[in-house]
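Throughout, read-outs are computed from the coordinates displayed, never taken from laboratory work. The shown structure was predicted, so the numbers you read here are calculated from the model rather than taken from an experiment. Positions of Cβ are generated from backbone atoms using ideal geometry, with glycine treated the same way; all protein chains shown enter the neighbour counts.
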Amino acid sequence: MNQVTRKQLWSGRVLSGLAVAFLLFDGVTHALRMEAVVQWTVQLGYPPGAVPVIGALLLAGLVLYVIPWTALYGSIWLTGYLGGAVATHVRIGSPLFSHTLFPCYVAALLWVGLALRHPRLRALLWTRD
């Protein structure tokens, strides 16, 4: 159970890569205060000044996630960040499957990708005792 097969390793990398690519794009667009992002964030009920802070928090979590030694901490950080996105969509009454649960889909990619790459985490998460 302590070994990672090639398929597990590459599957984990692909799943993690998809989530990281999406979140990196999102974080950079927030950090750069792109007009469409600012408008959408204001529609969600946040002030325009919060946009770069939101982007910086997301990018900080991503840095933790992509460094192998801190990936678990990054997963926890990003799960909290994505939980805030879920709460925001619940608060404004967004559609459930397309908007409200989308951050959960991204979090699942992050965690499954990490677990496929790290057998000790996989053992911790999916062991029946």
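Miscellaneous remarks
- The range 33-100 - Rg and Dmax from Cα coordinates, angstrom: 13.4, 38
- Annotation for the range 1-37 versus the range 68-129: alpha-carbon center distance of 12 Å.
- At 1.567 mPa s and 4 °C, Stokes diffusion of the chain via Kirkwood alpha-carbon radius, µm² per second: 83 µm²/s
- Within the shell of other residues whose beta carbon sits under 13 angstrom from the beta carbon of A115, the net charge comes to +4, with Lys and Arg scored +1 and Asp and Glu -1.
- Taking a ≥ b ≥ c as the square roots of the eigenvalues of the Cα gyration tensor, the range 38-77 is prolate, since a/c reaches 1.5 or more and a/b is larger than b/c.
- In sequence order, the range 106-123 has phi-based couplings of 5, 4, 4, 4, 4, 6, 5, x, 5, 5, 5, 7, 10, x, 5, 5, 4, 5 Hz under the Karplus curve 6.51 cos²θ - 1.76 cosθ + 1.60, θ = phi - 60°, and Gly or Pro positions carry x.
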